[in-house]
Amino acid sequence: MRRPDERKQPQVASPLFELSADMRTTAERRRRTHRSHHSRYVREAVPMPEPALTTRTPDPWLESAPLLTGMDEVGAGLLDSLDAMQRVAASAGRGPLLINASPGTGKTHLLIRRVAYLVQELGVPARQCLVLAASGPGAARIRRELGALIGREAASITVAEFDDFAAASPPELGHVFVDDLPRMPMRLFRQVTEHRGAEADITATGDPDSALVSGEPAAFAAFSDQFPQAHVMRLSRNHRSPAAVLVAASQVIEPISRVPGRLVQPERPALEGSGIGRCFAIDADDEKHFVEDLTDRLAELGVAPEELAVIGPDGMSVAEAADGEFRVVCLTGMTAEAWPNTAAARRELYVALGRTRDLAYVSHTGAGSPLLADVDQGLFSPFGMVPQDRSGPEQPRLL
Ligand SMILES: Nc1ncnc2c1ncn2[C@@H]1O[C@H](COP(=O)(O)OP(=O)(O)OP(=O)(O)O)[C@@H](O)[C@H]1O
């Protein structure tokens, strides 16, 4: 009989991700059990791949060059950091404008620059501008960036979050800007739009697919009724997430999308090996070890704690993560029970993936959520105790 230390140990690429001794024992035991009973359900220990991070967070203020010939003069400086479609939207004339675009396409980025442009270039009085944001951090970002763009004049612009606006003193309404319209309470939508004719100066942004609370996109739907002449613009360039994450998010939302056929084009650099990490854990402890190892490794690579979002039973909720942008998003506990094939779970997964700047991970025990089966499996980098399907070679999926 072989001694235990003569057993074949899993191959590991990095000592940091070496499976702990008891994980190995469990894994070995599991492997042997499965082999002896059902050869189809063999699992193989695969080490976690080295996280592929961008070396620095690119500076959006410096990155974009004007993309349309002849657009260079528009907005002299204020619109420099916008891509072509963002620039067209930001410099649009008066009247209602709706920017319907997915997470990470720069809706907030352009809305802020549109406010600055209208005030500074077109002479819209700052004190007649009202900017409404869905969250406190969202409103703070708008205030901060407006201050950086137009200095003291920004102080005269009313910026409030939806929940606080009733308490704020409304300015004499000139131009209203709404960031994240699908989340706007209908009561507030009526308050800022009533008695304002179909040609009102109102700019709103949003993605109806990102509305997590049922009935939430009501204000988004009401916009088209209230402003039937509104210009509607779509943005397709995504400035936040890597290609693998964007494709996965599109595949998850596609069956229930409120904006079918939406185009998404990744603008972030494609990194080698930057698929979505998928950890197959043996049990809850194993999954905890994975999160600890990932957290430690990312800290060594210089990722600050607030740049990592761990979503799941021991972390934050999707709603809590929904207003942030994180270098790494890690969705834990993605079992079939916690993430069933429902529209609500689909939207949550779409929103969570959309917060990713560099890398996304999913982890689960068992076979995992059925929603993960809707994602092309080639987008995943599986690790942990990965099931090996011995039923024959997989047929290539036709696109
Ligand atoms: N033209 C651009 N060039 C470079 N970076 C950009 C550009 N536009 C936006 N970004 C960056 O892309 C990220 C996403 O932008 P932003 O938060 O404005 O998107 P959003 O559409 O409002 O997203 P969400 O709907 O998820 O809140 C931010 O980091 C922003 O700085």
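This table checks each residue for (1) touching a strand residue (DSSP E or B) at 6+ places or on another chain (Cβ under 9 Å); (2) at pLDDT 90 or above; (3) within 27 Å of PRO125 (Cβ to Cβ).
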| residue | (1), (2), (3) |
| --- | --- |
| HIS175 | yes, yes, yes |
| ARG183 | yes, yes, no |
| MET186 | no, yes, no |
| ARG190 | no, yes, yes |
| ALA200 | yes, yes, yes |
| THR203 | yes, yes, yes |
| PRO208 | yes, yes, no |
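Among the residues of region 334-356, not a single one is assigned to a strand (DSSP E or B) and more than 23 Å from ARG141 (Cβ to Cβ).
Do you know which residues across region 91-104 are within 10 Å of the ligand (Cβ to nearest atom) and either more than 20 Å from PRO260 (Cα to Cα) or among the hydrophobic types (A, V, I, L, M, F, W, C) (or both)?
First, pick out the residues of region 91-104 that are within 10 Å of the ligand (Cβ to nearest atom): 99, 101-104.
Listed by number, the residues that qualify are ILE99, ALA101.
Hey, PRO182 hits all of (1) more than 27 Å from ALA319 (Cβ to Cβ); (2) within 29 Å of the chain's Cα centre (by Cα) but one; which does it fall short on? Looking at each condition in turn, PRO182 falls short on (1). The lone criterion from (1) surrounded by fewer than 20 Cβ atoms within 10 Å (Cβ to Cβ); (2) within 16 Å of the ligand (Cβ to nearest atom); (3) outside any helix (DSSP H, G or I) left unmet by ALA309 is number (1). For region 105-129, taking the residues that are surrounded by 23 or more Cβ atoms within 10 Å (Cβ to Cβ) and not in a helix (DSSP H, G or I), the one that is nearest to the ligand (Cβ to nearest atom) is identified as GLY106.
Here ASP374 meets each of (1) crowded, with 16+ Cβ neighbours inside 10 Å; (2) closer than 24 Å to LEU53 by Cα; (3) among the charged types (D, E, K, R) with one exception, condition (2).
Here is a yes/no grid of residues against (1) crowded, with 20+ Cβ neighbours inside 10 Å; (2) within 16 Å of the ligand (Cβ to nearest atom):
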| residue | (1), (2) |
| --- | --- |
| GLN251 | no, no |
| GLY261 | no, no |
| ARG268 | yes, yes |
| LEU271 | no, no |
| SER274 | yes, no |
| ALA281 | yes, no |
| LEU301 | no, no |
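So, LEU173, is that one touching a Ser or Thr at 6+ places or on another chain (Cβ under 8 Å) and in the same structural domain as ARG143 (by TED's automatic domain parsing) or not? It is false that LEU173 is touching a Ser or Thr at 6+ places or on another chain (Cβ under 8 Å) and in the same structural domain as ARG143 (by TED's automatic domain parsing).
Being within 16 Å of the ligand (Cβ to nearest atom), farther than 30 Å from ILE256 by Cα and surrounded by fewer than 16 Cβ atoms within 10 Å (Cβ to Cβ), is that true of even one residue in region 179-194? Even if it seems obvious, please write down each step before you answer.
Let us first name the residues in region 179-194 that are within 16 Å of the ligand (Cβ to nearest atom), namely 179-184.
Checking which are farther than 30 Å from ILE256 by Cα leaves us with none.
No, region 179-194 has no match at all.
Contact map, region 170-193: first residue without any contact (Cβ under 8 Å) to a residue 24 or more places away in the chain, second residue among the hydrophobic types (A, V, I, L, M, F, W, C) and outside any strand (DSSP E or B), Cβ cut-off under 7 Å, separation 6 or more or different chains; the map is empty. If the condition is being in a loop (DSSP other than H, G, I, E, B) and touching a residue at least 24 places away in the same chain (Cβ under 8 Å), then region 91-104 contributes SER91, ALA92, ARG94, GLY95, PRO96, ALA101, SER102, PRO103, GLY104.
The values are calculated or read from the model by the stated rules, or taken from the named source; none is laboratory data. Everything numeric here is computed off the predicted structure, so don't read it as measured data. For neighbour counting, all protein chains shown are included, and Cβ atoms are generated from backbone atoms with ideal geometry for every residue, glycine included.
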